[in-house]
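Just below is one structure, and these are the notes that go with it.
The values are calculated or read from the model by the stated rules, or taken from the named source; none is laboratory data. Because the structure is a prediction, the values reported are computed rather than measured. Every residue, glycine among them, receives a Cβ derived from its backbone with ideal geometry; neighbour counts consider all protein chains shown.
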Amino acid sequence: MSHLTGKRVAFVATNGFEDSELFEPWKAVTDHGATAVLVSTESGTITGKNGGEATVDLTTAEARADDYDALVLPGGVVNGDKIRMDTSAVDLVRALVTAAKPVGVICHGGWILTDADVVKGRTMTSYPSLRTDLVNAGATWVDEEVVCDQGLVSSRTPKDLPAFNDKLVEEIGEGLHPQRES
């Protein structure tokens, strides 16, 4: 039995996700005993930018933050741009982040965090083109392989996945991360 047994991790994505940024963290958390749940804007199947397919478990309108112990936001330009326009996805992400649950975000996955207004005062990284968006939303942006700020684990690109997955699993294992006072 692994240290993540009993943990439920929501992966929020839609068509155009970066395949490795969904499938590799999914494998990392499930290999450690967690249950991964794919939450998307529509039911059925979503397709990654490289053709990988994933079956949706719940729509963003059906998902409830209280049902999850952690959140993962894969990247992909199209995914990142589309998912942030879904009000239910933004509300779900905001609820999970403000509940101090561990969050993993990579590449363009961070765009939705700006719409959810949850990065102010946080240090994070992303694909370089998101730097201005994150800074304008109040984050401190750094160019590092993996950054962890109070349970918010962020990385830049698929090449960072080994470090991202290790830190993500560690943070999910630790559980809730109380937010600092503003």
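Out of (1) in contact with a helix residue (DSSP H, G or I) (Cβ under 6 Å, 6 or more places away or on another chain); (2) closer than 24 Å to Asp143 by Cα; (3) free of Cβ contacts under 8 Å to residues at least 40 places away in the same chain, the odd one out for Ala61 is which?
With respect to (1) in contact with a helix residue (DSSP H, G or I) (Cβ under 6 Å, 6 or more places away or on another chain); (2) closer than 24 Å to Asp143 by Cα; (3) free of Cβ contacts under 8 Å to residues at least 40 places away in the same chain, Ala61 is out only on (2).
Tell me, please, whether a residue that is without any contact (Cβ under 8 Å) to a residue 60 or more places away in the chain and within 12 Å of the chain's Cα centre (by Cα) can be found in region 92-100. Even if it seems obvious, please write down each step before you answer.
Step one: of region 92-100, the residues without any contact (Cβ under 8 Å) to a residue 60 or more places away in the chain are 94-95, 97.
Then drop every residue that is not within 12 Å of the chain's Cα centre (by Cα), which leaves 94, 97.
Looking for residues that are without any contact (Cβ under 8 Å) to a residue 60 or more places away in the chain and within 12 Å of the chain's Cα centre (by Cα), one finds at least one in region 92-100, hence yes.
Has region 70-83 got at least one residue that is of a type outside the set (Phe, Trp, Tyr) and more than 19 Å from Leu130 (Cα to Cα)? Can you show your working first?
Restricting attention to region 70-83, the residues satisfying the condition of being of a type outside the set (Phe, Trp, Tyr) are 70-83.
Then keep just the ones that are more than 19 Å from Leu130 (Cα to Cα); that gives 70-71.
Yes, region 70-83 contains at least one residue that is of a type outside the set (Phe, Trp, Tyr) and more than 19 Å from Leu130 (Cα to Cα).
Here is a list: Thr59, Thr45, Thr5. Which entry is among the β-branched types (Val, Ile, Thr) and under 18 Å from the mean Cα position of the chain (by Cα)?
Details: Thr45 fails: under 18 Å from the mean Cα position of the chain (by Cα); Thr5 fails: under 18 Å from the mean Cα position of the chain (by Cα).
So the residue among Thr59, Thr45, Thr5 that is among the β-branched types (Val, Ile, Thr) and under 18 Å from the mean Cα position of the chain (by Cα) is Thr59.
Give all pairs with beta carbons closer than 9 Å in which a residue from region 15-27 that is over 14 Å from Thr45 (Cα atoms) meets a residue that is of a type in the set (S, T, N, Q) and crowded, with 20+ Cβ neighbours inside 10 Å; count only pairs at least 6 apart in sequence or on separate chains.
Glu18/Asn79; Glu21/Asn79; Glu21/Ser155; Glu24/Asn165; Pro25/Asn165; Lys27/Asn165
Name, by its number, the condition in (1) out of contact with any His (no Cβ under 8 Å at 6 or more places or on another chain); (2) more than 21 Å from Lys82 (Cβ to Cβ); (3) touching a residue at least 12 places away in the same chain (Cβ under 8 Å) that does not hold for Leu4.
Exception for Leu4: condition (1).
Can you tell me how many residues within region 18-36 are surrounded by 17 or more Cβ atoms within 10 Å (Cβ to Cβ) and either at pLDDT below 95 or touching a Leu at 6+ places or on another chain (Cβ under 9 Å) (or both)?
Applying the first criterion (surrounded by 17 or more Cβ atoms within 10 Å (Cβ to Cβ)) to region 18-36 yields 18-26, 28-29, 32, 34, 36.
Keeping just the survivors that are either at pLDDT below 95 or touching a Leu at 6+ places or on another chain (Cβ under 9 Å) (or both) gives 20-22, 24-26, 28-29, 32, 34.
Number satisfying all stated conditions: 10.
May I ask you to list the residues in region 132-163 that are touching a residue at least 40 places away in the same chain (Cβ under 8 Å) and touching a helix residue (DSSP H, G or I) at 6+ places or on another chain (Cβ under 7 Å)? Show your work before the answer.
First, pick out the residues of region 132-163 that are touching a residue at least 40 places away in the same chain (Cβ under 8 Å): 150-158, 160-161.
Within region 132-163, Gly151, Val153, Ser154, Ser155, Arg156, Thr157, Pro158, Leu161 meet the criteria.
Please tell me if Lys82 is buried (at least 21 other Cβ atoms within 10 Å of the Cβ) and on the phi < 0 side of the Ramachandran plot. Reasoning before the result, please.
On the way: buried (at least 21 other Cβ atoms within 10 Å of the Cβ): no; on the phi < 0 side of the Ramachandran plot: yes.
Criteria not met by Lys82.
Are any residues in region 48-61 surrounded by fewer than 15 Cβ atoms within 10 Å (Cβ to Cβ) and within 16 Å of Val78 (Cβ to Cβ), and if so, which ones?
Matches in region 48-61: Asn50, Gly51, Gly52, Glu53.
Could we say that Arg122 is in contact (Cβ under 8 Å) with a residue 24 or more places away in the chain, farther than 17 Å from Gly75 by Cα, among the charged types (D, E, K, R) and in contact with an Asp or Glu (Cβ under 6 Å, 6 or more places away or on another chain) here? Show your work before the answer.
Details: in contact (Cβ under 8 Å) with a residue 24 or more places away in the chain: yes; farther than 17 Å from Gly75 by Cα: yes; among the charged types (D, E, K, R): yes; in contact with an Asp or Glu (Cβ under 6 Å, 6 or more places away or on another chain): yes.
Spelling it out, Arg122 is indeed in contact (Cβ under 8 Å) with a residue 24 or more places away in the chain, farther than 17 Å from Gly75 by Cα, among the charged types (D, E, K, R) and in contact with an Asp or Glu (Cβ under 6 Å, 6 or more places away or on another chain).
Which of the residues belonging to region 20-50 are out of contact with any Ser or Thr (no Cβ under 9 Å at 6 or more places or on another chain) and assigned to a helix (DSSP H, G or I)?
Of everything in region 20-50, those that are out of contact with any Ser or Thr (no Cβ under 9 Å at 6 or more places or on another chain) and assigned to a helix (DSSP H, G or I) turn out to be Ser20, Leu22, Phe23, Glu24, Pro25, Trp26, Lys27, Ala28, Thr30.
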